[in-house]
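This report concerns only the one structure given below.
FYI, it's all coordinate maths here, none of it is from the lab. Quick caveat: nothing in here was measured; it's all calculated off a predicted structure. Every residue, glycine as well, gets a Cβ built from its backbone with ideal geometry; the counts of neighbours run over all protein chains shown.
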Amino acid sequence: MRAVETVLRRHAEDGDRPLVEVTAEDGTAVVHSYRDITRAARALGDRLASLPPAGAARVGVLCGDSAEAVVAELALLALRVTGCPVPPGASAPTAAALLSDVSAVLADTRGLALLAAWADHPVLPEGCEVVPVDLAALTACASGAYRVPDDDRDWICKILPASAGPVMRVGIRAHAVAAHLDALRAELPAGAFARCAVTVPLATLAHQVAATPLAVADLGCLVLPPAGIPDTALPGWTAAVRPTALAVTPPGAVALIGAARTARREGRPVPAALFGTPGVPLLWCGTEVPHPLLRECEGLGLPVYAGYGLAENTGAVSWNTPAARRSGTVGRPLSHVRTQIGPDGELLVGGTGLAVSVSPEGPDAGTDGWLHTGVRAAIDADGFVHLVRPERARRAGEPLTPEIGRLLYSLVRSLRADCVVTFDGTADGSLVQLAAGARANGTGQVVGHVPDAHRAAGTRARLTAAGLAPWAEVRHAGLHDLGRAPAPVDLALLDCRPDLTLPALTALEGRMRPGTIVLALGSAPTGPYLDRVRDGEDYLSMPLPVGAGVEVSIRLTPAAAVPRPAPRPVPGPATPTPQPSGE
């Protein structure tokens, strides 16, 4: 916060310096200066301070991508009041959970429309004041210049949805935000956020914690696109507004890739065609952009710096930066962040950025001082973090997502698989679904290779409790045991660390037949594994957008002559053979 407030103290009254630029559909722009925005924030702050009994303690923010959203943020900063922003796309029940303890809510035109649409499902607590945010009206009634408090107190400045679910919340402390911004700015080129093109909603985590403050710290401007601009029109808009920083979404990456290819075919410089600049701006994204898209961008001269963030750690853990970037990773931990890998491959996070849980069931730092993220990861020798799963991963004993579970069950049923082999450290949820499919078929064998002895025992117990033990064998076995798996394998499931995915595939290949289906879950199949299954020689392979993602590969060539055994007998009493009626 210090860098932001230093700029505001010196430049709040700058009437010629743009802070927010809103592009209209006809291409014209409405520019709001630092003076316009901060004076409106002063007026809004005065309004909030006058609310009974002694001003609002926690304030909800229900704003769209508008200058009013920036006004709301600066008003709360000056008051040292906790803001509770509602993320884009939130449903009425989610909004109600997030706003359950606010005494007022700030709403721009979009926010007021949402409250009207939710009239049949009230989202505000009893007595909550709705304060409209209209920049022009607030500027007209401003009593003076924006005031930045002199104190450096630490307070919960924002309450955000936890990564584990929107109804759980975490409190972000002001000093943690300050450390986070200082760490990011130390890694960034000077003036990187002088013109930050806002292509993701202002209410998302990235902008709540970093993008708006970074733009102000660089004495910069937030550039907002026309409402409802299609992704295909994004390159044309960015070329017109000439950004220095741009957040990239998956559809945005696809649009930029297409525009870059067109520019190359036509012999035009890619940076000028896409951004109206001689060089490429700072392109950044989170883990939602798949690595294959990032590699395509990089090949076209558009390096995108991927990061990994959690609300529980004030929005960021690591980031690929211009000075140190490694494709296929989410970068090195920021300077104020400590990371290590737990015994089961879980990413543990510590440091000054840890948030405070404000929900009884919400995530928090454990008694050991580490945030247990539930995300599986690997850290290489140079300190770069490679996520095995970008989403909150399953802990031991948790079921798979419903979509993945239905996929596994359906494949076993449709294939009438005689032999299914899995390799994974947390395969119990997988084995339950696969064994259920075998039981429904009345035939088949499922063999799970679980390297951890404790998990193997727990998985056996869960299968027994579900009545599925006759259909699945759990082996406490490592990678080297896959070469002794039953054969031929009809279906193989790989759900392991990224560095083990290709070795596991190689170990199983001698047990496969033409037509064997191999599933690799999550983001584990990267790099050499994808090169192997997508080369067109031995496999047909494609990504399937189910759950965290599945790479589905079909074996084309025989690796060895593997005889097929007789069908496995059905456990339990024999089924009587139907007798002819004699008619």
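Counting 0.36 nm for each residue step from Ala186 to Glu473 and taking away their Cα separation leaves a gain of 98.0 nm. Rounded to 0.05, the FRET efficiency of the Ala240 and Glu288 pair, given R0 = 22 Å and the Cβ-Cβ distance, is 0.30.
For Ala273, neighbours were defined as the other residues whose beta-carbon sits under 12 Å from its Cβ, and their charges (Lys and Arg +1, Asp and Glu -1) total +3. Cβ-Cβ distance of Leu112 and Ala453, R₀ of 60 Å, FRET efficiency by 1/(1 + (r/R0)^6): the value works out to about 0.55.
Give the calculated FRET efficiency between Ala466 and Asp380 to the nearest 0.05, with a Förster radius of 25 Å applied to their Cβ-Cβ distance. Efficiency for this residue pair is about 0.05. Between Ser143 and Ala324, the simple spin-label model (points 7 angstrom out along Cα→Cβ) gives 4.9 nm.
Only helical runs count toward this figure. For the chain, summing -39,500 (n - 2.57) over DSSP H runs of n ≥ 4 and dividing by all residues gives -9000 deg cm²/dmol at 222 nm.
Considering only the other residues whose Cβ falls under 12 Å of the Cβ of Ser143, what net charge follows from Lys and Arg at +1 and Asp and Glu at -1? It works out to a net charge of +3.
What would the Debye equation give as log₁₀ I(q)/I(0) for the range 1-153 at q = 0.11, 0.19 Å⁻¹, counting only Cα atoms as equal point scatterers? The computed values of log10 I(q)/I(0) come out as -0.43, -1.18. Highest-first packing order for the peptide set 465-472, 27-34, 284-291 is 284-291, 465-472, 27-34, based on the mean count of other beta carbon atoms within 10 Å. Simple rule: put +1 on each Lys or Arg Cβ and -1 on each Asp or Glu Cβ in the chain, find the dipole, and look at Pro470, Gly350, Thr28; the Cα lying farthest toward the positive end is Pro470.
State to the nearest 20 debye the size of the charge dipole of the chain about its Cα centre, where the only charges are +1 on K and R beta carbons and -1 on D and E beta carbons.
980
On full extension of the chain, what length is gained from Ala24 through Ser410, given 0.36 nm per residue of separation minus the C-alpha to C-alpha distance?
Contour length minus Cα-Cα distance gives 134.1 nm.
Charging the Cβ of each Asp and Glu at -1 and of each Lys and Arg at +1, and nothing else, the dipole of the range 1-78 about its Cα centre rounds to 540 debye.
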